[in-house]
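Report on the following structure.
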Amino acid sequence: MFKQQNDIFLLSTKNTSLVLRKNEQGTISSEYYGPRIPNIEGCFGLAMPHTNPTGNSAVKEENGFVSLDSVNAIYSTYGIGDYFYPSIVLNNDKTNIFDFAFKGLEVGKPHKNPLFPTPQDANEEVVITCFDSATSTTLKLHYFIYEESDVIANYAEIRNDSDDILHIKRCASLQLSLVNRDFELISTYGSWANEGNIEITPIKYGRFIVESTSGSSSAKHNPFIYIRQKNHAIDDGLAYGFNLVYSGNHEESVEMDPFQNIRIQTGISSLGLDKTIGHKESFVTPIAVMSFSKDGQVGLSHNFSKFVNESVIRKEFQYKDRPIIYNNWEATGPSFTKEKLFLLMEKAKDLGIETFVLDDGWFGNRNDDSHGLGDWFVNEDKLPGGLKSLSDKANELGLSFGIWMEPEMVNDDAVVYKEHPDWIINDGLHKTIKGRNQYTLDLRKQEVQDFAFESVANTLKSANINYLKWDYNRPMASFPDGVGNFVYDYMVGLYKVLDRVVTAFPNILFENCAGGGNRFDLGMLSFFPQSWMSDDTDIHVRANLQKAFLVGYPLSVFSNHVSAKTSNQLLRYSSLESKFDIASFGVLGYELDLNDLTPLDEEIIKKQISFYKEHRHMLQFGEHSLIQDLDVEHKLIQQVQNDSEVIVSYYSMLQLPNPRNDFLLAKGLDADATYVYENRQETLNIKKFGHLINNLSPVHIGEDSLAQAELASKQGMDGEVTKGKALGSVLMGLGVPLPDEWKMTGLNPGTRVMGDFAARLYVIKKE
Ligand code: GLA
């Protein structure tokens with residue numbers, strides 16, 4: 001909803017309002033962003049008083065004594081009295097000073113950003129036009145209102161109406177100014193196989209920046225950041241979240257001046273940016289999004305989850321149940337035979353899996369990662385009968401079939417590279433730098449875009465394929481233009497290809513991947529509805545990822561696979577049961593050698609899959625809330641909820657000796673209603689008890705003996721049963737006590753045997 005009176009503009013969503021104002025200096029400032037203000041009268045008195053001049057400031061005299069440095073600017077340039085780091089830096093041959101004054105405002109139906117993905121179904125678009133008459137340059141700020149999800153999006157457009165060439169050196173998509181209310185900033189850092197670690201930074205005097213310069217949004221720092229009030233519960237206090245609908249280099253900064261005014265900027269990275277536009281030409285930034293909640297990070301997570309599910313995910317996949325996938329990568333790598341794949345398919349079907357995905361290695365001369373990328377024709381020696389024979393087999397069994405591709409890359413033995421050595425990224429002077437033995441194709445070129453599109457289209461048409469995992473496995477280097485210009489143009493090219501692909505194949509389920517989470521962002525999610533979050537399938541790494549990213553992204557985009565008990569990445573051992581408890585929060589898959597499963601493992605997985613199918617819609621699309629972070633007793637507690645039930649995931653990183661009691665906690669219940677709760681029944685591996693198993697066994701079983709292995713392959717021990725009734729107010733308050741953990745005092749049938757890196761699921765329903 002938009003309302004205006006004189007110089008005040010009110011942009012409201014269901015629960016929030018952003019109040020903008022044409023200020024004394026003729027620019028636009030944000031006077032308020034917080035709980036919803038129902039009418040324009042409610043905005044009077046919100047403007048910063050500015051009754052006293054600040055001593056040492058630079059002001060445009062004709063407009064009184066208020067310096068631009070002290071207004072809550074929603075855009076800023078330098079050289080006109082504003083000493084925050086500018087959101088926009090421009091120059092032409094005559095000047096580098098640009099002074100944009102408010103000129104007009106239009107409200108109407110939303111239009112798409114001309115180059116970058118635009119979240120769908122905005123209620124209104126508000127375009128604020130500002131003009132610098134000295135240089136004939138226009139700045140337009142496009143705001144989109146998403147009422148239901150409490151999100152406001154924004155991008156900037158610059159138009160040059162002079163005859164001079166205009167250089168764009170920096171242009172943030174969004175700038176928001178706020179007064180500090182004891183905020184702290186939460187951002188993420190990470191690397192391959194170790195994405196999504198949380199960094200909490202107190203907001204300090206000065207400027208703090210996170211950015212990516214590697215060509216993709218990157219695992220180094222995700223573009224999603226938020227600020228929240230310190231020393232508040234996770235579901236209490238003011239919180240503001242920001243993200244960028246973009247997959248290339250980005251920059252988010254938070255700056256605080258001596259008066260505790262804060263400016264937050266988010267947009268493309270300005271490193272190596274120098275875009276030039278001539279007479280009557282325009283430049284646009286990608287879209288940034290922001291949301292406010294008075295209910296801390298949990299409130300933000302509800303807003304962003306709704307927003308992404310409804311406005312970012314394509315309609316074809318909106319709230320549509322995702323299949324349970326088997327992927328062969330961790331089991332076979334690129335070395336497999338058709339017979340092996342057939343055996344895996346049969347096992348997968350038997351376990352209840354729905355889609356079989358053949359990963360890397362099916363094409364060209366691809367038996368390791370130094371060959372074959374770019375040769376998108378099937379390796380008939382390895383797979384006689386081609387992809388069709390595989391999809392036929394899968395379909396006969398009642399499975400659907402999926403495939404892996406990496407369309408933006410080539411190895412140097414690829415036919416396409418030999419024919420078109422100029423199609424890869426290179427500056428023309430230096431030897432091209434390889435990454436994972438491969439080169440990146442230059443998607444700025446139309447013929448390269450056509451090649452990528454056709455490679456994918458031909459593959460998809462060659463067999464009955466329902467799913468495609470689109471990978472991107474190296475950072476960029478060897479840029480032929482400034483890195484900023486190059487990556488911007490590459491992204492424009494990439495989005496054109498992705499748009500063509502999803503338009504031609506709207507019902508194929510694409511999974512986004514970049515060596516795991518190296519390009520996990522709202523830009524990619526605008527085309528591909530789910531994402532392979534990490535090449536790390538270790539239970540702890542995955543729990544950590546959920547904690548970091550479920551604030552800004554919904555469960556439906558998290559593709560999680562249960563992998564072998566001993567993790568490929570860390571050699572950490574954790575049970576299939578616990579791995580499932582974490583992997584089931586999101587889109588479930590399996591990625592281990594199914595032929596190595598013991599009869600007991602098979603039984604366990606069948607039960608997991610039937611539990612998942614029963615609760616699938618909620619586990620993929622329900623509302624997620626963090627309940628407790630790992631800092632309390634090393635336990636991460638989170639839940640997912642729909643109208644009729646709640647599932648609580650309870651993850652214990654470290655078993656403590658003789659620990660205090662644990663409690664089952666939940667959120668969002670009806671305080672006066674009675675709920676029944678029950679844990680998902682799990683099977684314990686008898687190996688976990690080592691030699692202590694002899695306390696129960698009639699014959700002696702040595703620890704690590706063959707006899708123990710033999711027994712463990714067939715028989716497990718029933719895990720504890722936790723069942724009961726409780727009032728909503730109790731579950732939301734102090735919680736109900738859970739059975740005692742293992743305390744070395746013996747094993748009773750009710751003992752909760754957890755150990756390190758272990759989890760449980762509890763289902764809570766209204767009686
Ligand atoms: C990347 C992906 C993996 C797998 C391999 C194949 O690392 O993240 O899941 O597909 O590529 O080469």
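The values are calculated or read from the model by the stated rules, or taken from the named source; none is laboratory data. This is a predicted model, so every value here is computed, not measured. Cβ placement follows ideal geometry from the backbone for every residue including glycine, while neighbour counts extend to all protein chains displayed. Note: areas computed on protein heavy atoms with side chains; ligands, DNA, RNA excluded. Shrake-Rupley method; radii C 1.70, N 1.55, O 1.52, S 1.80 Å.
For segment 546-571, the tally of residues that are buried (at least 24 other Cβ atoms within 10 Å of the Cβ) and under 18 Å from Asp471 (Cβ atoms) stands at 4. Taken together, the residues in segment 367-381 that are more than 15 Å from the ligand (Cβ to nearest atom), surrounded by 15 or more Cβ atoms within 10 Å (Cβ to Cβ) and either under 17 Å from Thr337 (Cβ atoms) or of a type in the set (Val, Ile, Thr) (or both) amount to 1. Determine whether segment 146-161 contains at least one residue that is in contact (Cβ under 8 Å) with a residue 40 or more places away in the chain, in contact with a Lys or Arg (Cβ under 6 Å, 6 or more places away or on another chain) and of a type outside the set (D, E, K, R). Yes, the conditions are met somewhere in segment 146-161.
Inspect segment 731-747 for any residue being closer than 17 Å to Ser644 by Cα and open to solvent by less than 60 Å² (accessible area, probe 1.4 Å) and give the result as yes or no. Give the derivation first.
Filtering segment 731-747 down to residues closer than 17 Å to Ser644 by Cα leaves 731-732.
When the remaining residues are screened for being open to solvent by less than 60 Å² (accessible area, probe 1.4 Å), the result is 731.
Looking through segment 731-747, at least one residue is closer than 17 Å to Ser644 by Cα and open to solvent by less than 60 Å² (accessible area, probe 1.4 Å).
Test Ala759 against the criterion of being in contact with a helix residue (DSSP H, G or I) (Cβ under 6 Å, 6 or more places away or on another chain) and assigned to a strand (DSSP E or B), and give yes or no. Taking the combined requirement at face value, the residue satisfies it. From the list Asp422, Asp392, the lone residue that is at pLDDT 95 or above, of a type in the set (Asp, Glu), under 21 Å from Asn473 (Cα atoms) and over 28 Å from the mean Cα position of the chain (by Cα) is Asp422. Arg36 satisfies every condition listed in (1) open to solvent by 60 Å² or more (accessible area, probe 1.4 Å); (2) more than 32 Å from the chain's Cα centre (by Cα); (3) at pLDDT 85 or above except (2). What single numbered condition from (1) within 22 Å of Glu148 (Cβ to Cβ); (2) of a type outside the set (Lys, Arg); (3) surrounded by fewer than 24 Cβ atoms within 10 Å (Cβ to Cβ) fails to hold for Ile262? Every condition holds for Ile262 apart from (1).
Which residue out of Asn512, Asn507, Asn518 is surrounded by fewer than 24 Cβ atoms within 10 Å (Cβ to Cβ) and over 18 Å from Asp450 (Cβ atoms)?
Matching residue, one of Asn512, Asn507, Asn518: Asn507.
Here Leu684 fulfils each of the conditions (1) in contact with a helix residue (DSSP H, G or I) (Cβ under 7 Å, 6 or more places away or on another chain); (2) in contact (Cβ under 8 Å) with a residue 40 or more places away in the chain; (3) in a strand (DSSP E or B); (4) over 24 Å from His302 (Cα atoms) apart from (1). When you scan segment 324-339, do you find a residue that is out of contact with any Lys or Arg (no Cβ under 7 Å at 6 or more places or on another chain), within 30 Å of Lys606 (Cβ to Cβ), within 16 Å of the ligand (Cβ to nearest atom) and open to solvent by 50 Å² or more (accessible area, probe 1.4 Å), even just one? Within segment 324-339, one or more residues are out of contact with any Lys or Arg (no Cβ under 7 Å at 6 or more places or on another chain), within 30 Å of Lys606 (Cβ to Cβ), within 16 Å of the ligand (Cβ to nearest atom) and open to solvent by 50 Å² or more (accessible area, probe 1.4 Å).
Applying the set (1) aromatic (Phe, Trp, Tyr); (2) open to solvent by less than 10 Å² (accessible area, probe 1.4 Å); (3) under 13 Å from Thr440 (Cβ atoms) to Phe479 leaves exactly one unmet item: (2).
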